[in-house]
Amino acid sequence: MAAPSWWQRGAIYQVYPRSFADGNGDGVGDLLGLREHLDHLTDLHVEAVWLSPVFPSPMADFGYDVADFCDVDPLFGTLADLDQLIADCHERGIRVILDWVPNHTSDRHPWFLASRSARDDPMRDWYVWRDGSPDGRPPNDWRSEFGAVGPAWTYDPDTGQWYLHSYTPQQPDLNWDNPQVEAAMHDVVRFWLGRGVDGLRIDALQRLAKDPLLRSNAGAARRHDQDWETAHDRLRRIRRVVDEYRGRIIVGEVYLLDLPRVLAYLQGGDQLHLAHNFVFLHLPWDAVAFRSGIDGFQTLAEPDAWPAWFLGNHDHSRIDTRYDDGDSGPARARAVALMLTALRGTPFLYQGDELGLPDAEIPPDQVVDVDGRDPERSPIPWRPPSVAGPGAGFTTGTPWLPLVEAAERLCVERQAADPRSTLSLVRRLAALRAASPILQTGEQRMLDAGPDVLAWLRTLGSERLLAAVNFATEPRPLLGEDVPDGRCAVLLSTDPGRTDLSVTAGACELRRFTLQPSEAVLLRLLDDDTAQ
Ligand code: NOJ
């Protein structure tokens, strides 16, 4: 493989700006706070930072309801602050990816205000307006993605029609069947790429194309409210705009739990560069399930399609909580960190996963999200509360969401000082990947290595690394014909108790290697003639 592109080399780190760092003491994270903590990103060797939306917004969906695509919400700072952030990141060799939310706007966006003002307004058709059924029900049976919202339609008494919203009623869906909408959204892409942004994460890409006849889902062989055939040409036209600028990328949130349908958005080299694979995110903690998730991409994707591996974001319960087995601490979150780093593909890291943060407890009177996603959006604890106060270095004010209970132990400052911490492990993993072409571009072959063990071989020239994850809570040996014969040295282990770390003198036989409970390891194969 040729030299990797920047977006293939190392991790893309997701910042959820509200919860990263608060620079002005109002309890909500902002661009100033982020700029003050860029060392954290440098220490994690991230290739790029992806910012969840910072655009002007009434915050009905915490920024995913955009009222102006080309500015910054005062809560986060100014456009000049964002320019400065981009410059600061570039100076450090960190690329910047912004969140582009093309499926919908805020109901306060001037386009929607015009559209809802009258049936004959020139912008009426920029959104999806329909008459209801004669008995007063919505135009069809489509439901909002958020269970608590119910129908995906809201009645507007002023003009006597219903408008479509795939999410909250404050997020009306744009009508992408209207070429003026498409052109206006292409201009938004040009605005940001022209400003020096390195890429865009496309929010809810699967929603960009729906059945233009708006037929109900019930009884249909497939859903009519998303993933319509027109999506792919629409995406190709977006890609052509992106390709007007050098070295820029688009990563798609393709929220479909059907791998071939997700991969369709990566096909042909003229659609996405990277796709978030939610099939992978929803896997149970089971070696066989992960094996088939990884094999699935390898066998179904086109050879040039590049995988993106991610297991956490701001919409899903934290890795440490989701895979919690009750008593192993963050062992599984640590194993995940090694897995994402060692798989062929681009790892995505959600802020706080490098600390092994669990979900926060949110008391009922502090719940703010319509869809139960507050626990994974809890602010980053930077410093011990015993020293920095209850804001834990995130804020000097009152944090907009409670911090995790274990902030004292899990905060960045404490973990940075402890070589056995999850943060230290993730930094070591990142440094290793940054220094190892084999981890960036080496070939990958999955191995049968015994029950509960997920193992794979990476090769580049004569170099070979074997990665293995023990999904069991008891020790498991590397077993079977597929495991190469010969000696190995432990390059990295996620088990803080392992003592033979980097003791090359103590190199051991690969086929006698035993993984500790929930341990993941990266082993260097020492004998050149053991290749399979
Ligand atoms: C996906 C985003 O990640 C989520 O936070 C948001 O609520 C929906 N898209 C709607 O924009």
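The values are calculated or read from the model by the stated rules, or taken from the named source; none is laboratory data. All values derive from a computational prediction rather than experimental measurement. Glycine also receives a Cβ, built like all others from the backbone with ideal geometry; neighbour counts cover every protein chain displayed. Accessible surface areas use protein heavy atoms only, side chains included; no ligands, DNA or RNA. Shrake-Rupley method; radii C 1.70, N 1.55, O 1.52, S 1.80 Å.
Odds and ends about this structure:
- The portion of the accessible surface of segment 106-175 made up by carbon and sulfur, rounded to a whole percent, is 51 (1.4 Å probe; DNA, RNA and ligands excluded).
- For the chain, the mean residue ellipticity at 222 nm estimated from helices alone is -7000 deg cm²/dmol, where every DSSP H run of n ≥ 4 contributes -39500 (n - 2.57) and the total is divided by all residues, rounded to the nearest 500.
- Shape call, the chain: gyration tensor on alpha carbons, a/c limit 1.5: prolate
- Under 12 Å, Cβ to Cβ, from residue 358 - net charge with Lys/Arg +1 and Asp/Glu -1: -3
- Whole-angstrom gap from segment 102-153 to segment 189-243, using each part's C-alpha centre: 18
- Annotation note: trypsin sites (Lys or Arg not before Pro) in segment 149-227 located in DSSP loop regions with a Cβ neighbour count of at most 13 within 10 Å are 222.
- Solvent exposure of segment 106-175 amounts to 46 Å² per residue of accessible area, where only protein heavy atoms count and the probe is 1.4 Å.
- Amide H contacts of residue 55 (H built 1.01 Å from N, in plane; Pro and chain starts excluded): 73 sit under 5 Å, all sequence-distant by 5 or more or on other chains.
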